[in-house]
Amino acid sequence: MTPSIHASAVLVGERGVLIRGPSGSGKSRLAFDLILAARAGQIPATTLIGDDRVCLTAHNGRLTVQGVPELAGMIEIRGLGIRTIGFTDQAPVDLIVDLSATDADRLPAPEALKTLVFGLEIARIPVALGYDALPLVLAFLTTV
């Protein structure tokens with residue numbers, strides 16, 4: 001397995017969402033909020049891939065995210081601690097959410113809404129420090 005990075009990831013329907021950001025920026029919270037949004041019927045079924053640490057690989061023109069085995073099915077819920085939840089091993093990454101992004105803007109330039117990882121272009125949402133990421137991600141997933 002490739003070295004892990006500090007990030008969380010969920011599978012929304014068939015779309016992988018990678019959540020990056022500094023420690024304490026809300027990666028686990030956003031992952032769990034997306035799971036709850038799916039349970040409320042706002043978005044397709046959503047499953048945890050990994051929380052806190054995940055691995056990325058590029059294969060056949062796709063970026064894939066995989067949870068690390070030692071944290072499989074575990075997610076931090078602030079105020080409750082580490083909890084166990086259903087999970088999937090891996091998924092292709094279709095969206096990257098960057099929390100506490102310094103380039104977040106009210107009307108972002110088109111180039112800010114994509115990023116390159118291992119030479120692969122991936123859709124991106126930059127989220128400013130202190131801004132609620134959930135509405136942005138829900139809008140991305142439910143609008144054109």
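The values are calculated or read from the model by the stated rules, or taken from the named source; none is laboratory data. Keep in mind the model is a prediction, meaning the values are calculated, not measured. Ideal geometry is used to build each Cβ from the backbone, glycine not excepted, and the neighbour counts take in all protein chains shown.
General observations
- Those residues of the stretch 86-100 which are among the small types (Gly, Ala, Ser) and without any contact (Cβ under 8 Å) to a residue 60 or more places away in the chain, in sequence order: GLY86
- Boolean, SER4 is farther than 14 Å from ASP132 by Cβ and small (Gly, Ala, Ser): yes
- Close contacts from the stretch 26-53, counting a first residue that is under 21 Å from PRO69 (Cα atoms) and a second that is assigned to a strand (DSSP E or B) and of a type in the set (D, E, K, R), with Cβ to Cβ under 8 Å and a gap of 6+ residues or different chains, come to LYS27/ARG20; SER28/GLU76; ASP51/GLU76; ASP52/GLU76.
- Hits in the stretch 7-23 - residues which are at pLDDT 95 or above and outside any strand (DSSP E or B): GLY13, GLU14, GLY21, PRO22
- Residue check, LEU129 modelled with pLDDT of 95 or more, of a type in the set (A, V, I, L, M), surrounded by 11 or more Cβ atoms within 10 Å (Cβ to Cβ) and not in a helix (DSSP H, G or I): yes
- Filtering the stretch 2-16 for residues that are surrounded by fewer than 19 Cβ atoms within 10 Å (Cβ to Cβ) and hydrophobic (A, V, I, L, M, F, W, C) leaves a non-empty set.
- Number of residues in the stretch 57-94 that are in a loop (DSSP other than H, G, I, E, B), of a type in the set (D, E, K, R) and within 16 Å of LYS27 (Cβ to Cβ): the value is 1.
Listed here are the residues, each with its yes/no results for (1) of a type in the set (Phe, Trp, Tyr); (2) crowded, with 16+ Cβ neighbours inside 10 Å; (3) modelled with pLDDT of 95 or more.
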{"site": "HIS59", "(1), (2), (3)": "no, no, no"}
{"site": "ARG83", "(1), (2), (3)": "no, no, yes"}
{"site": "GLN90", "(1), (2), (3)": "no, yes, yes"}
{"site": "LEU95", "(1), (2), (3)": "no, yes, yes"}
{"site": "THR102", "(1), (2), (3)": "no, no, yes"}
{"site": "ALA112", "(1), (2), (3)": "no, yes, yes"}
{"site": "PHE140", "(1), (2), (3)": "yes, yes, yes"}
